[in-house]
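> Below: one structure in structure tokens.
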Amino acid sequence: MTAKSDLPQGTLDLLIMKIVALGPVHGYALAQRLQQVSRDVVQAPQGSLYPALHRLENRGLLDAVWKETESGREAKFYRLTKKGRTQLEAETASWQRLTEAVSLILNLSEGGAK
């Protein structure tokens, strides 16, 4: 059983942009994809996901259109804007630098570096 993880501030926005960059997606499918790809570690409840989607849309990072889903229901499909793609690239690079630095620190052995 995998433990769920609380996401640091701003991380959900980055993960949403990454999933949306793969192609237009509606909120429910996006939440399922986050959970699936993360092996159930990342779960985005509606109370977090939809405010984040609206925030990203208001900032001009996402665009949305109403379309019919596979099940025949109307849903808002999100896509990354040019501004969103630039933001995603910048935030991805920042996260990669941070995770590499944290990894270096966590891999220290007692008495010095490995």
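> How do the pairs read when you match residues in the stretch 82-108 that are under 17 Å from I16 (Cα atoms) with residues anywhere that are among the small types (G, A, S), using Cβ under 9 Å and keeping only pairs 6 or more apart or on different chains?
K83/G60; G84/A21; G84/G60; R85/A21; L88/A21; E91/G10
> Tell me which residues, restricted to the stretch 34-60, are under 10 Å from the mean Cα position of the chain (by Cα) and free of Cβ contacts under 8 Å to residues at least 24 places away in the same chain.
Scanning the stretch 34-60 gives a single hit, L34.
> OK, next. Using the structure shown, decide if R55 is closer than 21 Å to D6 by Cα and either in contact with a helix residue (DSSP H, G or I) (Cβ under 9 Å, 6 or more places away or on another chain) or loosely packed, with under 14 Cβ neighbours inside 10 Å (or both). Lay out the reasoning, then the answer.
Values: closer than 21 Å to D6 by Cα: yes; either in contact with a helix residue (DSSP H, G or I) (Cβ under 9 Å, 6 or more places away or on another chain) or loosely packed, with under 14 Cβ neighbours inside 10 Å (or both): yes.
Criteria met by R55.
> Now for a different question. Consider A113 carefully, then state whether it is modelled with pLDDT under 95 and more than 14 Å from the chain's Cα centre (by Cα).
Values: modelled with pLDDT under 95: yes; more than 14 Å from the chain's Cα centre (by Cα): yes.
For A113, the condition - modelled with pLDDT under 95 and more than 14 Å from the chain's Cα centre (by Cα) - is met.
> Same structure, new question: Which residue pairs have Cβ atoms closer than 7 Å, lie 6 or more positions apart in sequence or on different chains, and pair a first residue in the stretch 18-33 that is without any contact (Cβ under 8 Å) to a residue 60 or more places away in the chain and over 13 Å from E57 (Cα atoms) with a second residue that is in a loop (DSSP other than H, G, I, E, B) and not β-branched (V, I, T)?
A31/A44
> I would also like to ask the following. Can you pull out every residue in the stretch 42-72 that is closer than 18 Å to T86 by Cα and of a type in the set (S, T, N, Q)?
The answer is N58, and nothing else.
> Since V102 meets every condition but one in (1) of a type outside the set (D, E); (2) touching a helix residue (DSSP H, G or I) at 6+ places or on another chain (Cβ under 8 Å); (3) at negative phi, which condition does it not meet?
Only one criterion in (1) of a type outside the set (D, E); (2) touching a helix residue (DSSP H, G or I) at 6+ places or on another chain (Cβ under 8 Å); (3) at negative phi is unmet by V102, namely (2).
The values are calculated or read from the model by the stated rules, or taken from the named source; none is laboratory data. What you see is a predicted model, and the numbers here were worked out from it, not measured in a lab. Note that we place each Cβ from the backbone using ideal geometry, even for glycine, and neighbour counts take in every protein chain shown.
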